[in-house]
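What follows is a set of notes on a single structure, which appears directly below.
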Amino acid sequence: MRREFSRAQKAQMLKRASDAQGNIWCEGCGLNITGKAIEFDHTIPEALIVDKTKPLTIDDGKALGRDCCHRAPGGKTAQDVATIAKAKRQEAGHLGIRTKIQSAGFRKSAPQRRASSALAKPLPARRMTP
């Protein structure tokens, strides 16, 4: 089960990411994201947390700009997906689970003889009927 931040926690994270003038800054890259899409991301990907009984705190998350750090190509989400996939592969290897199916392949049949084009007889001409 995925744990989400409460409204109060999101408000605290926004307060942490804002300055005295009311500008909100991306906690990933420092870009001014006032008036832009803001997303709250887990610092450690939620899929990698083993003990989910521990409640979330504002230290477990960041206020990130959607277009600059969170969902941009090569952003935090893309990195998290790669990290989670690697962790799953390592866990499967540790448990002895094969992720790729090794097939025996197809049975090889006897090679068929083909007439070479030089030795092949030309086809007889066909008559066209009106």
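The values are calculated or read from the model by the stated rules, or taken from the named source; none is laboratory data. These figures come from a predicted structure and were not determined experimentally. Neighbour counts run over all protein chains shown; Cβ positions are idealised from the backbone, glycine included. All accessible areas refer to the heavy atoms of the entire protein, side chains included, with ligands and DNA or RNA removed. Shrake-Rupley method; radii C 1.70, N 1.55, O 1.52, S 1.80 Å.
The table that follows gives values for the structure above.
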| item | result |
| --- | --- |
| Share of Cα-Cα pairs in the stretch 1-50 lying beyond 13 Å, as whole percent | 62 percent |
| The stretch 84-98 - phi-based ³J(HN,Hα) in whole Hz, Karplus 6.51/-1.76/1.60, Gly and Pro as x | 5, 4, 5, 5, 5, 5, 5, 5, 4, x, 5, 7, x, 8, 8 |
| Anchor residue 76: aspartates and glutamates whose Cα lies under 20 Å away (excluding residues fewer than 8 positions away in-chain) | 4, 27, 39, 41, 46, 59, 60, 67 |
| Summed residue charge, Cβ within 11 Å of residue 17's Cβ, Lys/Arg positive, Asp/Glu negative | +2 |
| Within the accessible area of the stretch 1-86 (1.4 Å probe), percent carbon and sulfur | 57 percent |
| Cross-link pairs beyond the 23 Å C-alpha cut-off, checked among 36/62; 36/88; 10/86; 10/88; 15/62 | 36/88; 10/86; 10/88 |
| Amide H within-cut-off set for residue 28, under 5 Å, with H built and near neighbours excluded | 65 |
| Overall form of the stretch 1-96 per C-alpha gyration tensor (a/c, 1.5; a/b vs b/c) | oblate |
| Candidates per GluC sites (Glu not before Pro) in the stretch 1-87, loop by DSSP, up to 14 other Cβ within 10 Å | 4 |
